[in-house]
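Read-outs throughout are calculated quantities, based only on the coordinates presented, and are distinct from any laboratory measurement. Being a predicted model, the structure only gives us computed values, none of them experimental. Cβ atoms come from the backbone with ideal geometry, glycine included; neighbour counts cover every protein chain shown.
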Amino acid sequence: MKKCLLFAAFIALLATGCSNQANNSMAAPSVHQAAPEVDTSTPDRALKSMWAISDWRDSFLLGEAQKIEQSDEAKSWRQLSAKVNTKSVADGLSRPEILDKYSRDILQATVETESRAVIVAHIKNATPLPADAQLSKSQQSTREKGERVKYVLEKEKDSWKISEVWVWNEYSNSFIKRRPDNTPNYPVYVFRGW
């Protein structure tokens, strides 16, 4: 879900740009990073490879968003936005994106059959907070708890591949399947229209 939100934020940046007052300590690396090595020889190595690929993609997308931020179109958008919004609204629309860092720990790895494995991991957002951050109790709790995620992997020939992703839901006290999500993605939500 976070990756979908990051991608949506990237698309929003294409349309809107963002402030050039980014906090350099939280910015994405400006140098293009080489793609990570992929190792699918074991279930845990396949999962760690997926995490590395995901982090690499996020870094790339943020780097591209930062390029867009410097474009003439983004500068024009900020100037036009300042004409129709108060400073506090315009500043809220122009928040710089940051590159999230994650702490990921494998809690349990079980090879159930020759071709099926299940890994349960604990993932927390470990992005450094700004010095002036004031988290609500709910935000603090979410940050401290993180998420429990269950990955189902299947072996295809000599490679382990992730076939399902489940996220723990405290309300139902069970894992809820997140991927694959074959639900059609229709334009029903309002992200920027208001």
Relative contact order %, segment 121-167, counting alpha carbon pairs below 8 Å whose residues are six or more apart: 36 percent
Estimated inter-spin distance, Asn125 and Gln139, nm [label 7 Å along Cα→Cβ]: 0.8 nm
Sequence of Lys83, Lys48 once ranked by neighbouring C-beta atoms within 10 Å, starting from the fewest: Lys83, Lys48
Stretchable slack from Ala52 to Gln70, in nm (0.36 nm times residue separation minus alpha-carbon distance): 3.7 nm
Length released on extending from Glu156 to Asp39, taking residue separation times 0.36 nm less the Cα-Cα span: 40.8 nm
Förster-model FRET efficiency, 30 Å R0, Gln79 and Asp181, C-beta, rounded to 0.05: 0.15
